[in-house]
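The block underneath contains the structure these notes are about, expressed in structure tokens.
The values are calculated or read from the model by the stated rules, or taken from the named source; none is laboratory data. Values in this document were obtained by computation on a predicted structure and should not be read as measured data. For neighbour counting, all protein chains shown are included, and Cβ atoms are generated from backbone atoms with ideal geometry for every residue, glycine included.
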Amino acid sequence: MTIRKIPIAILLFVFIFSACTPTTTDSNTQTPRPSATANAEDAKTPTPEASQLGVEKDALRGKQVNIWHPWFGAQASLFESQVAQFNAENEWGIVVVAESKNNYNEIFSQTSAALENSSAPQIVIALPEHALAWGDDVTDLNPYVHDPEFGMSALEMSDFANVIWRQDEVGGKRFGAPAQRTARFILYNSTWARGLGFDSPPQNSSEFEAQACAAHDALTKDSDPNNDSLGGWLIDSDAHTALAWMLAFDGGAQEENGYRFLAPGNIDAFKFLKSLQQKSCAWVASPDLSVYDRFAARQALFATASLEEFSDQARAFFAASNTDEWIAIPFPGAERDALVVYGSSFIVFNSNDETQLASWLFIRWMLSSETQADWVRTTGLFPLRSSTFDLLADYSADHPQWADAVTYLSDGDVTPQLSSWRLVRVMLADGFRDMFDSIRHPDLTEGQVPLILKQMDDTAEELSK
């Protein structure tokens, strides 16, 4: 299905409007009168359902929750200030203690070791595939999410985009709750494209090729011989870029409980991209200049970047005194677009009923619209909730590329829901990079794409054991 740009705020309005529309009833059906003995006040205000978690509120008093996170710098500072705010304000007297592990690799290795000797924290912020690797040690959050007293209402849950909410649920078990989400996008220089005769972004892969090749041809005909090999798409070998291209051609990585790379859609995607390189309409850059600087210097009509990198790209245009307009678009396939949404999650470990509930209450607070708005302003990532977007009018005005990119969120795809994805995605990035490496593989052509994908299948099978 082609991704359509529908603002999240509009989607939320439609949902609320439809929810508030009165249900049509048969004109011959009378509404029964309430009993004369019924308490009118009770009829107006139903008694809230009691919690099903078996924990008294008083048992939460002074409960300590230790949490490990992967952040440093501004993100760590923001998180720790929010932890302090929760500790000061929460009605239950819960105390959260945060500790940084600096990156996701350390989070995974240290948490895995801590689980072996029963010294793990109550919460970690890690990747969804990490939670799947920890398996039975992870608490199922579904009973907490759906609890009548401490959970989320149906309206609150509908406030999350489906692609954000479903990543952490596998086989009926909720292994986590979203903490952060991002995606990689194609960056497109609209001003340069108009100069080349194109009035709109490419709607499919054929149009992408036409515009990429036109950009390359323009550079070969200008007065600078040093840019004759440039133009078109600046090749990016990130695993999520490779996965997005595969999905755009109706392929993908996961098949049931394993992987399948040698598939028709993936063959089409990789052949398309390798062919672009062979026509010099896609190219690999040397590391002496950043992608941001190259895109701002009109060395590429198309580049690739994650959502959180948009501010860096905007600064590069400013530094280059380049007033070109640029936007972010999903990856265009033959008949659909694709976008892979990914990021970290709050993961709770089994302990006792009181501590697990205390952990969930902190997570629920972190997922509030106001708290999430602070995260967006600091990180530039997706708002996890539609209602968060409503609080970011000022940020949207100052970051138009970000605001435009958010409209693609609702139709994004998730990454493979397999614990081995933490290893397989590294392999995918390596294999994708090798396909474009003209130094190591000078004779590799699009005809050898099936062989590359077969090697990926074999390697993925080994990594999944």
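Test Leu409 against the stated conditions and say whether it is among the aliphatic types (A, V, I, L, M), within 16 Å of the chain's Cα centre (by Cα), within 30 Å of Trp134 (Cβ to Cβ) and buried (at least 17 other Cβ atoms within 10 Å of the Cβ). Write out each step before concluding.
Values: among the aliphatic types (A, V, I, L, M): yes; within 16 Å of the chain's Cα centre (by Cα): yes; within 30 Å of Trp134 (Cβ to Cβ): yes; buried (at least 17 other Cβ atoms within 10 Å of the Cβ): yes.
When the stated conditions are applied, Leu409 passes them.
How many of the residues making up segment 110-124 are surrounded by 13 or more Cβ atoms within 10 Å (Cβ to Cβ), hydroxyl-bearing (Ser, Thr, Tyr) and free of Cβ contacts under 8 Å to residues at least 24 places away in the same chain?
1
Quick one: is Leu453 in a loop (DSSP other than H, G, I, E, B) and over 30 Å from Asp136 (Cα atoms)?
no
Take Leu418 and tell me if it is at pLDDT below 95 and within 30 Å of Trp245 (Cα to Cα).
no
Where in segment 331-398 are there helices (runs of 4 or more DSSP H), lying fully within it, with 2 or more residues that are in contact (Cβ under 8 Å) with a residue 60 or more places away in the chain and within 16 Å of the chain's Cα centre (by Cα)?
369-379, 386-390
Condition (residue is crowded, with 17+ Cβ neighbours inside 10 Å, among the aromatic types (Phe, Trp, Tyr) and over 25 Å from the mean Cα position of the chain (by Cα)) applied to segment 287-296: is it met by at least one residue?
Checking segment 287-296: not a single residue is crowded, with 17+ Cβ neighbours inside 10 Å, among the aromatic types (Phe, Trp, Tyr) and over 25 Å from the mean Cα position of the chain (by Cα).
Name the residues in segment 112-146 that are part of a helix (DSSP H, G or I) and under 18 Å from Thr355 (Cα atoms), would you?
Ala114, Leu115, Asp136, Asp137, Asn142, Pro143, Tyr144, Val145 - these are the residues of segment 112-146 that are part of a helix (DSSP H, G or I) and under 18 Å from Thr355 (Cα atoms).
Under 26 Å from the mean Cα position of the chain (by Cα) and part of a loop (DSSP other than H, G, I, E, B): is that true of Pro416 in this structure? Don't jump to the end; show me each part of the working.
Working: under 26 Å from the mean Cα position of the chain (by Cα): yes; part of a loop (DSSP other than H, G, I, E, B): yes.
The answer is yes for Pro416.
How about segment 233-270: which of its residues are of a type in the set (Gly, Ala, Ser), within 21 Å of Gly447 (Cβ to Cβ) and part of a loop (DSSP other than H, G, I, E, B)?
Within segment 233-270, Ser237, Gly251, Ala263 meet the criteria.
I'd like to check which helices (runs of 4 or more DSSP H) are fully inside segment 1-111 and have at least 2 residues that are at pLDDT 50 or above and in contact with a Ser or Thr (Cβ under 6 Å, 6 or more places away or on another chain).
In segment 1-111, 73-89 are the helices (runs of 4 or more DSSP H) which contain 2 or more residues that are at pLDDT 50 or above and in contact with a Ser or Thr (Cβ under 6 Å, 6 or more places away or on another chain).
Mind listing just one residue for me: the one in segment 51-79 that is out of contact with any helix residue (DSSP H, G or I) (no Cβ under 9 Å at 6 or more places or on another chain) and surrounded by 15 or more Cβ atoms within 10 Å (Cβ to Cβ) and, of those, nearest to Val95 (Cα to Cα)?
Asn66
Determine which single condition Glu149 fails, assuming it passes every other condition in (1) in a helix (DSSP H, G or I); (2) closer than 24 Å to Ser387 by Cβ.
Here Glu149 clears every test but (1).
Say whether the condition of being within 19 Å of Ala297 (Cα to Cα), in a strand (DSSP E or B) and over 23 Å from the mean Cα position of the chain (by Cα) is met by at least one residue in segment 189-211.
Within segment 189-211, one or more residues are within 19 Å of Ala297 (Cα to Cα), in a strand (DSSP E or B) and over 23 Å from the mean Cα position of the chain (by Cα).
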